[in-house]
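These notes are about the structure you will find just below.
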Amino acid sequence: MIPAVSIENIHKRYGSVHALQGIDFSIAPGEFFGLLGPNGAGKSTLISIMAGLVRADRGHTRILGNDVVRDYRRARSQLGVVPQELVYDAFFSVREVLRLQSGYFGKGRENEAWIDELLVTLNLVDKADTNMHKLSGGMKRRVLIAQALVHKPQVVVLDEPSAGVDTELRKALWEFTRRLHREGHTIVLTTHYLEEAELLCDRIAILDHGKVAALDTKQVLLARHPYRLLSLFVADAGLQLPDSLERLLVTRTDHQITLRLHKLDDQIGGVLDTLRDAGFIIRDLSTQETGLAEVFTQLTSFHTEPSAA
Amino acid sequence: MTNPLGNWRGMLTLFGKEVRRFLKVSMQTLLTPIVTALLYLLVFGHVLEDHVQTYAGLTYAAFIVPGLIMMTMIQNAFANSSSSLIQSKVGGSLVFVLLAPLSSLEFYLAFVAAAVGRGLLVGIGVYLAAYWFIGLPIYDFITVLMFAVLASATLGSLGIIAAIWADHFEQLAAFQNFIILPLSFLSGVFYSIHSLPEFWQGISRFNPFFYMIDGFRYGFFGESDVAPGISLLITASFLLMLSALCMLLLYKGYKLRR
């Protein structure tokens, strides 16, 4: 089967900075793929190489088997890119912009029905004849998505689609992206909202300093960090924690103890029994599963909040 | 090998977009240059009427009309391609064209054709407006059209090159103010180079805009400072050279595809 995206030994330098150092992976047709990494990891450069906006120094990138340099027409026709920045041409209305984008891809009047459908799907009908510069940020984001889809590409790249949008629109975008995926599109998503990647993606690549730090299914990546946090609210503030639980302690205040438990080795029941035996009266408890954020921090050199490159 | 003109519909769309862009602000892109050229005609035509030597039997006002038309055309052809490209480059909306399956040749032809379109529209506008004051017959329409198209295409190409090179608007303005404007003013718009001292005549012959204006003027009067065939050859060579450079920059993606 021809991969939707095939990236072979991609190298890119910007002066003395080796931005991409031999990136190698492929994305199968129909996958929902996440591309994560801290600032400067090389995500945007890699996406730009896929889209033909940046030329790689070495290596090959193919979209559905079409080389993005040698066979750029076919490669670009199969690819729809939603840029990260809210860029627009202030001379034109929403419908004009979509017609122009459709025309650039060699499509004529036969594509009008699809343009109308996109306007409906993305709730842009009321704004169809409004000039781009009069739209809100959220509406501009919708138009960017419509522009990326106007030529019916098989592979859709969303570069930080949720950046700067409110919660309601973010959820609408997630639902729309899921729908595209259900309809058979291959989706490549970069995001700095790790819960977004965790929620949507089947497989995830984590880039760090221009290299692939991890590439696996979401389940396997999450299993790399098999811990959960157990927070306990206890009645007596002065009791000594049993020695066997000291190694699990994360934080302790007067009435709250937080322990980090290994999902396989540390059973919650056993921990609670040990505490009761030591005289603790437990008034309340809560658990918190570790997510992609912990995996991300563990795998990259990034130790604060991750963001897009 | 990919056919460089395989996406003709994409090319026509880009051309149409560029034309609509300048038509949407026609007050600025068409009317203003026509009015400016008329002001030059009224002021210089009146003030210098008896001071500048032209061809025999020709009033000074009539003499400067073709030069003013050509100067307006070349300045606007340059402004069209350069301002559109730098605006979309700096603003980021150029990405929509760069993501499309358009070849370098299609990109080039669409931008240059739109620049020629604006050049011809302002040229016709200046001619018609001037006609109210000075009835100016055309000696050889084909020559007029040929020089109008070649000169506009040349400056359209130069506009693309300048916009690719410039990183911000100020650099482009400098290119326009320190190269295009002086070269077009010093190209014989307001005088015949035969009225200049020999040294300045020689210098003028290194100015490619001089040949555009001189050949264009021949189309109106059947007279020129140099043979129209030479002007045509030099103008066409200049266009070829700039087109080749422009294509090379677009093909390499210089400052466009990092």
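For the reader, a short list of remarks on this structure follows.
- Residues that are surrounded by 23 or more Cβ atoms within 10 Å (Cβ to Cβ) and touching a residue at least 60 places away in the same chain (Cβ under 8 Å) do not occur anywhere in the stretch B:194-206.
- Among the residues making up the stretch A:51-60, a single one is touching a Gly at 6+ places or on another chain (Cβ under 9 Å), surrounded by 14 or more Cβ atoms within 10 Å (Cβ to Cβ) and either part of a strand (DSSP E or B) or away from chain B (no Cβ under 11 Å) (or both): A:Gly59.
- The set of residues from the stretch A:61-75 being more than 9 Å from chain B (Cβ to nearest Cβ) and surrounded by 18 or more Cβ atoms within 10 Å (Cβ to Cβ) comprises A:Thr61, A:Arg62, A:Ile63, A:Leu64, A:Asn66, A:Val68.
- Condition met for A:Gln78 (polar (S, T, N, Q) and within 8 Å of another protein chain (Cβ to nearest Cβ)): no
- B:Leu242 being within 14 Å of chain A (Cβ to nearest Cβ), part of a helix (DSSP H, G or I), at pLDDT 95 or above and closer than 30 Å to B:Gly92 by Cβ: no
- Candidate set: the stretch A:236-280, residues that are loosely packed, with under 11 Cβ neighbours inside 10 Å and in contact (Cβ under 8 Å) with a residue 12 or more places away in the chain; chosen: the one nearest to A:His225 (Cα to Cα): A:Leu264
- The residues of the stretch B:97-147 that are outside any helix (DSSP H, G or I), modelled with pLDDT under 95 and aliphatic (A, V, I, L, M), listed by number, are B:Ile134, B:Leu136, B:Ile138.
- Residues satisfying the stated conditions in the stretch A:199-235, i.e. more than 23 Å from A:Gly184 (Cβ to Cβ), of a type in the set (Gly, Ala, Ser) and crowded, with 17+ Cβ neighbours inside 10 Å: A:Gly210, A:Ala213, A:Ala214
- When B:Ser184, B:Ser81, B:Ser88, B:Ser152 are checked against the criterion of being of a type outside the set (Phe, Trp, Tyr) and within 14 Å of chain A (Cβ to nearest Cβ), a single residue qualifies: B:Ser88.
- Test: residue in the stretch A:230-242 that is of a type in the set (Gly, Ala, Ser), at pLDDT below 90 and part of a helix (DSSP H, G or I): no
- Look at (1) touching a residue at least 40 places away in the same chain (Cβ under 8 Å); (2) part of a strand (DSSP E or B) and you find that A:Ser26 fails only one, number (1).
- Residues (more than 9 Å from chain A (Cβ to nearest Cβ) and touching a residue at least 40 places away in the same chain (Cβ under 8 Å)) located in the stretch B:12-30: B:Phe15, B:Glu18, B:Val19, B:Phe22, B:Thr29, B:Leu30
- Within the stretch B:213-241, tally of residues that are farther than 17 Å from B:Thr154 by Cβ and of a type in the set (Asp, Glu): 2
The values are calculated or read from the model by the stated rules, or taken from the named source; none is laboratory data. Here the structure is a predicted model, which means the values were calculated and not measured. With ideal geometry, Cβ positions are generated from the backbone for all residues, glycine too; neighbour counts draw on all protein chains shown.
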